[in-house]
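Have a look at the structure below before the remarks.
Nothing in this text is a laboratory measurement; each read-out follows from the coordinates by a stated rule. Note that the structure is a prediction, hence the values are computed from the model and not measured. Here Cβ is always computed from backbone atoms with ideal geometry, including for glycine, and neighbour counts include all displayed protein chains.
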């Protein structure tokens, strides 16, 4: 086997009838397996007016070990902090990713806070996944004239271990995609089909936070003050935007990330711009995670089923959770949990090949799509 093979396993969660907290959708979950073997999802639950909470659900499996459904267990986070609430009464805690950070010996959640000034990356920490303590918003230092401070940002995730920055210092690292003005897919869709990508403002970034090696406590995260442009749009399926997806997880080849790309659907009525969200694979070097050693030429998952093409936002598959199936003795199998049309949750099985495919995209110094 020398290709990334992905097989849909089906829908696993959808809005519960009569539940006002889920009336506008259940989507984009974090996925975490605990030491006793249980797997938990942390879905975004959307109430009327796009008011989002983060729920907790335990995954159910069949005899073959495939996920088949969930048991709802309650709420992990709901808007309470000032950076999660807006003056008009709206707000949200959205699209979590959760990683067990070894140096903390705690679970660290990154999520989108729907703040008064726009979406921002927020942190929360937990020892048991059921009780969460907010750590506040991520803070960034400007870099080479690029303002990471006063800009919308989302779809962030952290590495489970310290990794080397550009100078070799072992630090905490976060993957994120700032939404600079003019870089949303609704905006880039209005530009010529052949265009020069703004490398600094249309990319996924990796940023680093200095940390003490001993006596570390996850009560407050420091300033992310070292930055590296990780990936920019290069393939047609990600022409309009790329962004984060599942948290990085170590495989035999390096750090695996399932990320998202946005392209335009042609031939639609009324000459409107219709968007398609697809998912691709990226593998980063284990020793130097700033380096991409493989990247999908084509998406491994794109909206094809009716439940992926029709919903709150049509034509969307949006990966956010990943589970390595060590419990089945299959360390090369990963179950990917993803939002389906911003309304429900699906899961697909990804099998990692024995060797990386020969062909894979990489960023050029002047990316053109």
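Here are some notes:
- Among residues of region 13-25, those that are more than 20 Å from the chain's Cα centre (by Cα) and either assigned to a loop (DSSP other than H, G, I, E, B) or over 21 Å from residue 92 (Cα atoms) (or both), counted: 7
- Scanning region 271-327 for residues that are crowded, with 17+ Cβ neighbours inside 10 Å and part of a loop (DSSP other than H, G, I, E, B) returns 289, 296, 299, 300, 302, 303, 311, 312, 314, 315.
- Residue within region 2-12 that is part of a loop (DSSP other than H, G, I, E, B) and over 30 Å from residue 298 (Cβ atoms) present: no
- Taking first residues from region 38-49 that are free of Cβ contacts under 8 Å to residues at least 24 places away in the same chain and on the phi < 0 side of the Ramachandran plot and partners that are in a strand (DSSP E or B) and buried (at least 17 other Cβ atoms within 10 Å of the Cβ), the Cβ contacts under 9 Å between residues at least 6 apart in sequence or on separate chains come to 38/59.
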